[in-house]
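These notes concern the structure reproduced below.
The values are calculated or read from the model by the stated rules, or taken from the named source; none is laboratory data. Values in this document were obtained by computation on a predicted structure and should not be read as measured data. Cβ placement follows ideal geometry from the backbone for every residue including glycine, while neighbour counts extend to all protein chains displayed. Remember, those area values only see protein heavy atoms, side chains included, never the ligands or the DNA or RNA. Shrake-Rupley method; radii C 1.70, N 1.55, O 1.52, S 1.80 Å.
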Amino acid sequence: MHDPQQRSFGGGDLIYRQRRPVRLWHWINALSVFVMLMSGLMIFNAHPQLYWGQYGANAETPWLAIGAKDDAGFLKLGPVTIPTTGVLGLSGGVERAFPPLVTIPSSYDLAGARQWHFAFAWLLVVPGLLFWLWGLITKHVQRDLAPTPAELHPRHLWQDIKDHARLRFHTGEAARRYNVLQKLSYIGVLFGLLPAMVLTGLTMSPGMDAAWPWLLDLFGGRQSARSIHFICAALLVLFIVVHLLMVVLAGPLNELRSIITGWYRLPKEKAR
Amino acid sequence: MTIVTRPVLTRRRLIGSIGAGAGSLLLSGCDRIAASPTVQNVLGAGEGLTFRAQRLLSDRTALAREFSALDMSPVFRTNGNTAPTANGYERHAAEKFANWRLVVDGLVRRPQSLSMAQIRTMPARTQITRHDCVEGWSAIGKWTGLPLKLVLNAAGVLPSARYVVFHCADDFDGDPYYESVDLIDAYHPQTILAWGMNDELLSVGHGAPLRLRVERQLGYKQAKYVMRVSLVASMAEIGAGKGGYWEDSAGYQWYAGI
C-alpha cells in the first residue's frame, strides 16, 4: 500500500480521513435532522398519542400517550404511567407534550412546524440520495462502511464492545479506519433509520398513499407508520447522543477537525 | 428574628442558569429566524416543490385506498364545528334540510340550484376511506354521495375556471368556513359531495346535509355544511385570499396532500 499523504503507520501523524462529500453531507444532514426532529416534536404535540393499524383517534387506546392531568405531566406507555411533570406533558406551567425548548416553532404552531418539516425534508432527501449515489459509485460504502466478515465474527464484535465499554479506542494504524461498531451504526443510520424515516413520513401523506399504495402495506397502515416514524426518530436521537459522546471521549478537537477539514491525527499507540 | 438567605452561586446553579439563558436565547433566536421574510419564502418554496412533486408522482386519477367494512373505525369522532347557527342552519336542520339548496355558480354556463331530494336521486358513489386530520389522527368511514364531476358537468365549467370553492354554513367567530380545490381534485373519481355516512344520512356533527370528500387530502379540506359551489379563476377575492378558512386564519398549507 502506497499513499503519499501519510508518512508512517506509527500514529501521531495527520492523515486525510474524511473526503469532501462526506464532510459536506455530514453537516447538511446535521442541520436538516436537527430541524426535522424539532419541528417533528411540534407536529407530534398536536396529537400526542400513537396507535397501531390503519386508523387511530381519541376513541382508540394509544400504545403511547403524553399529556397532562390534574396539574401533572405524564407519559403513558402501554399500561405503565410515568410522571413527567416539568419535562413532558406539563412544563413551565404550559400543557404541552414536548416543551417549547425542543420544538420548532417554540410556540404551539402546527402549520408553521409542518412548513419547516416539509421544506427541510427536501434537504434531507436530496443530499441523502446524492450521498448514497456517491458512496456506492466511489465505493466509499463498500470500502469504508461495510464491515468485513472478520469484523463481523462474534469474537471480534464482542472484543470491540468490551473495548468501547472500557473507553479504550483504537490507536495507531487501527485508527485509520472506522471500527466495526462505528461501521454498523453508520450503515444502520444511512441505510436503515433515515430511509425508514422518509418512507414512514411519506406513508402519512394521503396524496402519497394514493400514488404509492404499497407504502400502506409495507408499514401496516398510516397510524403504524406514524408510530414507526416516532420510534425511528427516537433511535436517531439515541444515535446522535452516542455519536456526540464518542466524539467527546475520543478527542473532540481532533474529531471536529477531521469532519471540518478532513485531516485527522492518528492517536499514538499506547503501551497497555 | 429574620433569616436572610442570600443567593449562593453554586456550580450546579451556575450551569443551570447558563443553560436556561442559552435556552431562551436559542428560542428567541430561532423564532426570530423563522419570522424573517426570506426564511418564509424559502419554506414556501419547499411547499410548492412538495405539491408539484406529488402531482408529478401520482396519476390524476390515482385512487385513495378503499377499505372493507371490517376496517371501519368503531367510533368516527367529529371535529371542527359540530352545531352551526348561522345561515338559518338550525331551521334547516329542524326541517330535515327539506329546503336546503346547493347552489352552483361562478364561472359556469348553467348555474344550478339543487334540492337535497334531487341530489339524493342522482347517481351516487359509496367509498370506505380514511380521514386524516392534520393533527395526526385517522378514522375510517363509509361515505355516500354525488360525484362532484357530475355537478360540474351539469353546470358546464367555463375554460377560465381554475378552482372550485366550497362555501359552508358554519363559521368561526363570524368568519365563514370555506375551502377550495383545483380542477384535478375536483374531477377526481373519489371527490364526492357526501350526503350519507356509514349507511345513514349524514349527521349534523359530520356536516349534514352535504360535505365534501376529497380523499387525497387532509381533514380540513373536507368542508362540511356545503351551501354553494363556486367556480373561480383566482382565490384573491375570497376571504384573505389563501383558499380556505384554516389557510387564511392559521397559515395551513392550501395543498393538504401531505
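For B:Cys30, what accessible area in Å² do you get when you roll a 1.4 Å probe over the heavy atoms of the protein chains, rounding to the nearest 10?
40 Å²
Checking the a/c ratio against 1.5 first, then a/b against b/c, what shape does the Cα gyration tensor give for the stretch A:74-154?
oblate
For A:Lys268, list the aspartates and glutamates whose Cα falls under 14 Å from its own Cα; do not include residues on the same chain fewer than 8 positions away.
A:Asp13, A:Glu173
Per residue of B:243-255, what is the mean number of Cβ atoms on other protein chains within 10 angstrom of that residue's Cβ?
Average neighbour count from other chains, rounded to a whole number: 2.
Can you sort A:Asp144, A:Asp209 by solvent-accessible area, 1.4 Å probe, largest first?
Largest accessible area first, the residues go A:Asp144, A:Asp209.
With heavy atoms of protein chains only and a 1.4 Å probe, what residues of the stretch A:209-252 have at least 10 Å² less accessible area in the full set of chains than alone?
Buried by the other chains: A:Asp209, A:Ala210, A:Ala211, A:Trp212, A:Pro213, A:Leu216, A:Asp217, A:Arg222, A:Gln223, A:Arg226.
In deg cm²/dmol, rounded to 500, what helix-only [θ] at 222 nm does chain B give when every DSSP H run of at least 4 residues adds -39500 (n - 2.57) and the total is split over its residues?
-9000 deg cm²/dmol
What accessible area per residue, rounded to a whole number of Å², is obtained for the stretch A:1-140 using a probe radius of 1.4 Å?
Accessible area per residue: 51 Å².
Taking a threshold of 31 Å on the Cα-Cα distance, which of the pairs A:Lys69/B:Lys242; B:Lys96/B:Lys142; B:Lys149/B:Lys242; B:Lys96/B:Lys242; B:Lys96/B:Lys149 fall above it?
Exceeds cut-off: A:Lys69/B:Lys242; B:Lys96/B:Lys242.
Within the stretch B:224-250, what residues put their amide N at less than 12 Å from the label point 7 Å along the Cα-to-Cβ vector of B:Ser160?
B:232-234
Can you grab the distance from the C-alpha centre of the stretch A:120-165 to the C-alpha centre of the stretch B:67-82, Å, no decimals?
44 Å
In the stretch A:67-84, which residues have a backbone nitrogen under 15 Å from the label point lying 7 Å from A:Thr61's Cα in the Cα-to-Cβ direction?
A:76-81
Given points 7 Å out from each Cα along the Cα-Cβ axis, report the A:Leu31 to A:Asp70 separation in nanometres with one decimal.
Here the modelled spin labels are 4.9 nm apart.
I'd like the orientation of helix A:222-250 relative to chain A: the angle between its Cα long axis and the longest Cα principal axis, in ° from 0 to 90, rounded to 10.
That helix lies at roughly 40 degrees to the long axis.
A plus B alone minus the pair: what accessible area, both sides summed, probe 1.4 Å, in Å² to 100?
Using a 1.4 Å probe, the pair buries roughly 3600 Å².
Given the -39500 (n - 2.57) contribution per DSSP H run of 4+ residues, what per-residue ellipticity at 222 nm results for chain A, rounded to the nearest 500 deg cm²/dmol?
Here the helix-only value at 222 nm equals -16500 deg cm²/dmol.
Rank these residues by their accessible area, most exposed first, probe 1.4 Å: A:Lys183, A:Lys69, B:Lys142.
Order by accessible area, largest first: A:Lys69, B:Lys142, A:Lys183.
Taking all protein chains together and a probe of 1.4 Å, list B:Ile33, B:Ile192, A:Ile161 from the most accessible to the least accessible.
The most accessible residue leads, giving B:Ile33, A:Ile161, B:Ile192.
For the stretch A:208-272, report the accessible area per residue in Å² (1.4 Å probe, heavy atoms, rounded to an integer).
55 Å²
Over the heavy atoms of B:Ser160, what accessible area does a 1.4 Å probe trace out, to the nearest 10 Å²?
Looks like 60 Å² after rounding.
Which percent of the accessible area of the stretch A:124-219 is formed by carbon and sulfur heavy atoms (probe 1.4 angstrom)?
70 percent
Just to verify a number: what accessible area does B:Trp254 come out at with the full protein assembly present, 1.4 Å probe, Å² rounded to tens?
50 Å²
Measure off 7 Å from each Cα along the Cα-to-Cβ vector at A:Ile82 and B:Glu66, then give the distance between these two points in nanometres to one decimal.
Going by the 7 Å Cα→Cβ label model, 4.5 nm.
So, with a 1.4 angstrom probe, what is the percent of accessible area on chain B that is carbon and sulfur?
58 percent
What is the extension gain from B:Asn41 to B:Thr85, computed as 0.36 nm multiplied by their sequence separation minus the C-alpha to C-alpha distance, in nm to one decimal?
12.0 nm
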